[in-house]
Amino acid sequence: QRLKAAVHYTVGCLCQEVEEDKDVQFSKQSIAAISEITFRQCEIFARDLEMFARHAKRTTVTTEDVKLLARRSNSLLKYITQKSEELASSNVEQKEKKKKKSSAAKGERTPGEQEAAVTENEDSNMA
């Protein structure tokens, strides 16, 4: 019930924004109808995502499942793909930072530092 109320509130806020931008009015009944449709559609999406994951013999819904769900809307699929790539790249960056911190704390060299040390050794051996 709290989730349904939150959806209703959000739809109400969005309708107010549209009213201000487009100079139109929404009745309370139309806001309630939009809220109900939105809530039901979200339930359908949740079931579909669960089924996609279950079909793949997984217990976790992945971004690939969400992309599959959004496949009929090119603009939504493009947006989800872009955001998923942004998240993936930021996760890689965070993992690299953690590796650098942990190796620095242990006194280990990063791969770049190891390569530089090898090059220095080779240069000193040639001299």
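The values are calculated or read from the model by the stated rules, or taken from the named source; none is laboratory data. Bear in mind that the values here come from a model prediction, so they are computed numbers and not experimental data. Heads up, the Cβs are rebuilt from the backbone with ideal geometry, glycines too, and the neighbour counts pull from every protein chain shown. With ligands, DNA and RNA removed, areas are computed over all heavy atoms of the protein, side chains included. Shrake-Rupley method; radii C 1.70, N 1.55, O 1.52, S 1.80 Å.
Details
- All positions within segment 72-92 that are loosely packed, with under 10 Cβ neighbours inside 10 Å and of a type in the set (D, E, K, R): 72
- Within segment 49-71, the residues that satisfy the criterion of being open to solvent by less than 60 Å² (accessible area, probe 1.4 Å) and closer than 26 Å to residue 6 by Cα are 49, 62, 65, 66, 67, 69, 70.
- Residue in segment 68-78 that is of a type in the set (D, E, K, R), assigned by the TED database to the domain that holds residue 1 and free of Cβ contacts under 8 Å to residues at least 40 places away in the same chain present: no
- Taken over segment 12-37, the residue count meeting the criterion of being charged (D, E, K, R) and within 20 Å of residue 2 (Cα to Cα) is 2.
- Among residues of segment 27-64, those that are small (Gly, Ala, Ser), within 27 Å of residue 11 (Cα to Cα), without any contact (Cβ under 8 Å) to a residue 24 or more places away in the chain and assigned to a helix (DSSP H, G or I), counted: 3
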